[in-house]
Each structure stands twice: as structure tokens, then as C-alpha cells.
1. Could you list, in sequence order, the residues of the range 328-353 that are buried (at least 22 other Cβ atoms within 10 Å of the Cβ) and either of a type in the set (A, V, I, L, M) or within 16 Å of the ligand (Cβ to nearest atom) (or both)?
2. Looking at Pro505, is it assigned to a loop (DSSP other than H, G, I, E, B) and either more than 16 Å from the ligand (Cβ to nearest atom) or touching a residue at least 24 places away in the same chain (Cβ under 8 Å) (or both)?
3. Would you mind finding the one in Val319, Val281 that is open to solvent by less than 10 Å² (accessible area, probe 1.4 Å) and not assigned by TED's automatic domain parsing to the domain that holds Val203?
4. Of the numbered conditions (1) in contact with an Asp or Glu (Cβ under 9 Å, 6 or more places away or on another chain); (2) buried (at least 24 other Cβ atoms within 10 Å of the Cβ), Arg302 satisfies every one except a single condition; which is it?
5. Can you confirm whether the range 217-233 contains a residue that is open to solvent by 10 Å² or more (accessible area, probe 1.4 Å), modelled with pLDDT of 95 or more and either among the aromatic types (Phe, Trp, Tyr) or within 11 Å of the ligand (Cβ to nearest atom) (or both)?
6. Looking at the structure I just gave you, is Ala190 closer than 23 Å to Val233 by Cβ, in contact with a His (Cβ under 9 Å, 6 or more places away or on another chain) and either surrounded by fewer than 16 Cβ atoms within 10 Å (Cβ to Cβ) or not assigned by TED's automatic domain parsing to the domain that holds Arg267 (or both)?
7. Could you look through the range 406-431, keep only residues that are under 21 Å from Ser384 (Cα atoms) and open to solvent by 100 Å² or more (accessible area, probe 1.4 Å), and pick out the one that is modelled with the highest pLDDT?
8. Kindly provide the set of residues from the range 271-294 that are within 15 Å of His119 (Cα to Cα) and not in a helix (DSSP H, G or I), ordered by number.
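The values are calculated or read from the model by the stated rules, or taken from the named source; none is laboratory data. Computed from a predicted structure; not experimentally measured. FYI the Cβ positions are ideal-geometry reconstructions off the backbone, even for glycines, and counts take in every protein chain you see. SASA here: full protein model, heavy atoms, side chains in, ligands and nucleic acids out. Shrake-Rupley method; radii C 1.70, N 1.55, O 1.52, S 1.80 Å.
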Amino acid sequence: MSNHLGQCSAWRELISRIEEYGEPLVSDLFAADSDRFRRYSCALEDLLVDLSRHALDDQDWQGLFRLAEQRRLNEQVEALFSGNVVNLSEGRPALHTALRQPADATLQVEGEDITAQVHEQLARMGELVTALRAGQVFGFDGRPITDIVSIGIGGSECGVTMAYEALAPYAQGGLRLHTVSGVDGRELLAAWSRIDPATTLFVVASKSFTTQETLTNARSAWQWLEQAAGHAVAEQFVGISVDDQAMADFGIPPQNRFFVWEWVGGRYSLPSAMGLPLAAVIGMENFRELLQGMHDMDTHFRSAPMAENIPVMLGLLGVWQISLRGASGHALLPYHPGLRRFPAYVQQLDMESLGKSVTQTGEQVDCSTGAIFWGEIGSNAQHSFFQWLHQGTGRVITELVSPVDEQDCPIDHQALILSNVLGQAEALALGRTPSAAEAAAEHRHYSGNRPVTLVLFKRLDPRTLGRLVAMHEHRVFVQAAIWGINPFDQWGVELGKQLAKQLVPVLRGESGVDQLNPATAGAIDWIKRWG
Ligand code: F6P
């Protein structure tokens, strides 16, 4: 059966409406309805998501809700939470929501209670984290561990790095965290220059335990430590993977092996044992608060009616702006320095999940799907690419994110930050009617109607961060569910990895360039000349 959106009457109705009415001015929509802010914003306690500045009216939203019904969104959400096989190309469930369920929940997958398994790993993590923070884990010369080097890449690194920055004020146990992902060796060297081998724990985080970058760095770290100690020091290595045997083969002792499951996607794995390095520095209580925040959003997503449901509203809006209104990007702009890595984190989540052009049933999609996702700290971006957002020819969703708690601002600058957030939102959405003097000067025109979402919350703490992460996970799920694509696979990254593997012997001079494409052969000649 075709999974094309064009099959849905609700989709065709939305298109006809757009063709008939074009896009209303946001300023007109507010003039006609001063209650828009209340009606088009959703909240979960102190977390507010305001969609009132997007140029949609009640009829547009009703059309999107009908579309969600015709795409059986509710059933798809239930399938996700219940552990059905929702990742068809890999034949497995996607149960990141089970990673943050309370211990008394039960969820059977293929006859096994996975909540019990999840909490068993959390308990094991808790033991190691507590011992590390109490100075009871020792390096090869008997001194306690002071530094953790987390080696991983993609979903096995992004979340930890992002959350470590976001929750820096909670990192008070004295342990320092360093993350290494790139394979060129510079990050590893930089980490080595900051640590003492005798007091460092290396955490090798790789779901597959086959990723070239991670294993290469891990092997180099093993040798470095061995040289420093004069013997192999397996106890200073921790592994996190689905593959016990691969961790064993690497040399990681059984008590230091932590497990994730096939049903946890890399980019959804922060709340699993992949979060161990983070938990070590912020403490298990704060890590559990992060999980609680995710669970709060899971519960909200599973139960709130569509019009009040934050991820549903955001996801439908994503479909509207990208597939119906031609938006080609989504800029995430947090006004908090701790969220510096948050855009990169959500970028992986969004683009690896939604960068698809075939449906779950293998047909070419019949509309645009995932857009370019990027971002930067809002204040800095105002002085770099905001010009493009305000007056460029492209259309993107701009998402402004800010805490509101004055008490949390170390110096009394909160009003300045918030005035910028609100001022930018207003300029993007409403623009400005040119004055008589300005009318002739085209460069002084602000068209407005640039799609902007406002996200406000009290303060950046572990629970809020958990809510923000899960909000985007589910927003992405909603978009994928409507588009009919699989948000849990990433086949697109495989070919590049395979080709890179084949080129290693050529670059090492072990085989010739004869079989290669002329462009690759030319580049290799250049590399050999100058490299
Ligand atoms: O780049 C693709 C990818 O598979 C990501 O999805 C994943 O997060 C990353 O590589 C790392 O994979 P692993 O955890 O298996 O090392």
C-alpha cells in the first residue's frame, strides 16, 4: 500500500487552501485575534512553547490535526512506546522512552521485562559513579581517579558533551571530563596534555564497538597508558556497547562493561549507560533528574490532546513549514551559553533522523522532508547570520530558546537578554511597515512573516534539559510519522565509511590508484606530493 502523503485527503485540502489563500500576514492575524498567544502556545509546567507567530489560523491547525489522524499519529506513538517494531529497515523497536521509565513500570519486549534490565544497568552505573565521586576508584599507582576521558563519536559523544556544558554548574564532584571523538589524534593529544595517566579513567563508548574513529583512539589510549604504567592497565578502561564480546576482545574487564541494547538508537542514547561519563561528573542524582525531565515530556507526549501537545504541535508545524511552505532550514538559537552544543546535538538528532527521501515502505517521498538544521548562541548569531534570517531570500524556522529566571542570572543582565529574544521574535514575525522616509529605501524594509518559535523555561537545570531533549526527539518522531519515513535508521552514512576503509591501504602506499575514480586518484597524488 502506498505511503504517499498525496493519498491523504487532509493533505490535499491543506495544499488547496494554501493555493487559494496564500500566506496571511502575521500582523493581520494578530490584529484579528488578540488571543493568539494563549491559543497557540503549549506548556508543560514552566516550559512554554509559543507558536503564535507562525502564519497559521484555526483552520490550518484543524487541517493539520486531520492530517495527523489520517496518518494515524496516535497509533504510531503507541507503537513507539509499546516496543513495536517501528524501525522497519533494521527490524527493531526504538525504545529510548523505556530508558527513563520509573523502576515500577513494566514493558515486555520479546518476552523480556526491559524496565528491569534498564534499571539494573542504572544501578551498576550508580555504583561506579558513587565510587568515582568518593575517590574510591584507583589508578595504577594507587591514587584515586581524577579525570575521565570519554572516547566516542556521534550519538555516543554528542549528548555527553552537550549536557556536560549545559549542566556545568552541577559538575561539583571534583572529577574532570574530557571528550575525544575525531580520529586525527589532535584531540587525544590535547587530552593527554591535561591529564595524568595514573589517575585517568578511559570510557570507550560505542554501541557497535566497531566504529573506526572510536576504536583507533581507544587503542592509542590503551598503548599510552600501558607505556606510562609499564604494563597493561585494563582496570582503567570502561566500555559501553551492545557487544559484550567486542568489549572483552578489546580487553575491558567484565565489571567495567556496561550495556546498551539494539533498540536504543545512537542519537537517542544519552539516557542509557552512554550517559555514564556525564553521570560521573554531575552525580547520579542529577543524572536521574535528567531522566525524569525526559520522562515528563514522554508522558506529556503520550497523553496530552493534540492542540496542547508540545511535540505534536512542533512536529506538525515542521511539516507545514518545510513541506507546504518551502522552509529549507531550522535554526536553533539558545540564549544561554550552557546550551552552546545543544544545536549540534539536535542537529544530529534531526538530520540523521529526517534526512530521508524514501518512505518506510520503500517509495520515493512526494514532498520535502528534513531541512538543514543548525544553530548558535542567540546573542552571537544576532551579529552573524541574523541578517540572513531577517532579510535573506531563504525561509527557515527560527527557534529562540531562553531561560527566564532572574535569580539564575549571575549578573543583572536578564532583562537585556530577554528583550533581545522578544525583540528578535517580533521583528522576524511582524517586520515593520516602512515609514514614508523609508519607503523608497528598499534595504530598510522588514517583510516579517519569517517563521519563529519561542521556547521559554524557568532555568537550565537537569530536569529542564531532559524535557528539551525529549521535546525534540518526539518533535522529530511526529515529523517522520507524518512523512512516513523511518527516523531510526541512517543508511546514508554507510557508503562513505566503506569507501574510506578501502582507501586506507592506498593512502598507506600498500596498493595503487589504478582502480580509483580519477578525482580520487588525483587527490591522492596531491596528498602524496604534499603530505
Ligand atoms: O555516523 C553514524 C553513527 O552510526 C551514528 O548514528 C552513531 O551515533 C555513531 O555513528 C557512533 O556509532 P557507535 O556508537 O556504534 O560507535
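1. Ala331, Leu332, Leu333, Leu339, Tyr345, Val346, Leu349, Asp350, Glu352, Ser353 - these are the residues of the range 328-353 that are buried (at least 22 other Cβ atoms within 10 Å of the Cβ) and either of a type in the set (A, V, I, L, M) or within 16 Å of the ligand (Cβ to nearest atom) (or both).
2. Working: assigned to a loop (DSSP other than H, G, I, E, B): no; either more than 16 Å from the ligand (Cβ to nearest atom) or touching a residue at least 24 places away in the same chain (Cβ under 8 Å) (or both): yes.
Judged against the criteria, Pro505 is not a match.
3. Details: Val281 fails: not assigned by TED's automatic domain parsing to the domain that holds Val203.
Selected residue: Val319, the only one of Val319, Val281 that is open to solvent by less than 10 Å² (accessible area, probe 1.4 Å) and not assigned by TED's automatic domain parsing to the domain that holds Val203.
4. Tallying (1) in contact with an Asp or Glu (Cβ under 9 Å, 6 or more places away or on another chain); (2) buried (at least 24 other Cβ atoms within 10 Å of the Cβ), Arg302 fails exactly one: (2).
5. yes
6. On the way: closer than 23 Å to Val233 by Cβ: yes; in contact with a His (Cβ under 9 Å, 6 or more places away or on another chain): yes; either surrounded by fewer than 16 Cβ atoms within 10 Å (Cβ to Cβ) or not assigned by TED's automatic domain parsing to the domain that holds Arg267 (or both): yes.
Criteria met by Ala190.
7. The residue in question is Glu426.
8. Result: Pro271, Ser272.
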